[in-house]
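Below you'll find the structure, written out as structure tokens, and then a few comments.
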Amino acid sequence: MSTTICQVMGFIVSSLGVAGCIVSTAMDMWSTQDLYDNPVTAVFQYQGLWRSCVRQSSGFTECRPYFTILGLPAMFQAVRALMIVGIVLGILGLLVCIFALKCIRIGNMEDSAKANLTLTSGIMFIIAGLCAITGVSVFANMLVTNFWMSTANMYQGMGNVQNRYTFGSALFVGWVAGGLALVGGILMCLACRGLIPEESRYKAVSYNASGRNISYRTGPYKVGSGYEPEMKSRKGPGYEEPARSEDGRRSYPSKYDYV
């Protein structure tokens, strides 16, 4: 029962993580204009992975997509690639995880096959979560670097005013989503251990003799007469073998001879 609960919890948490990665990638507020020095402004700018937007004080918002990728920084394109790879791996992991659920029976699928599928989906979720966390962290590092560079230029230029950008809400969504996908993948890997059949966990141990292989053979049994054991037991220091008759037969003393 605990294996099923762990597997279902891993599926739910991973689903939330993958959904969060998709939402974070599609959001436009990856970077927002810093209003610390100018809290009252007629124009508010924010940027995403796919377009930049401008919101006026009247409430009108205009977004302009990036028509080309040639003019974008290499790190910016790397962030795009990491988020896309994380989403693709997360979706594939969800599809595999559906077939691996213990509560769902598909044909005559054995527990060992479900264990392999569970482990595969868990690894996919872990990689997807790491891709999302890495992509968001790289973008955040870019924002921090540009923020301090813009601040230094503003103080050096005196009258030169530049727009500084800070963390947007999409970054926090991406961090949380990547963490959920990572935790869900770990739960799936833990559930894989409970699905492995008991007989396959332990290997049979064979014990071999250190010397030569000794084979025991049973030979034919020699059947003797009923008198042989008794006669052999009687042989001793004072035992005399009975005399033989003319025809070769032995004559044994009767019980009256010992009286």
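Quick look at the values:
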| quantity | calculated |
| --- | --- |
| Calculated Rg and Dmax of the stretch 1-144 using C-alpha coordinates, Å | 20.2, 67 |
| Inter-site label distance for residue 55 and residue 35 at 7 Å from Cα along Cβ, in nm | 0.8 |
| Hull-based mean projected area of the stretch 62-140, where the convex hull spans the alpha carbons, in square nanometres | 7.7 |
| Gain on full stretching of the segment that runs from residue 8 to residue 63 - 0.36 nm per residue minus C-alpha separation | 15.8 nm |
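Each value in this text was obtained by applying a stated rule to the coordinates, not by laboratory testing. Nothing here was measured: the structure is a model prediction, and the numbers come from that model. Cβ atoms come from the backbone with ideal geometry, glycine included; neighbour counts cover every protein chain shown.
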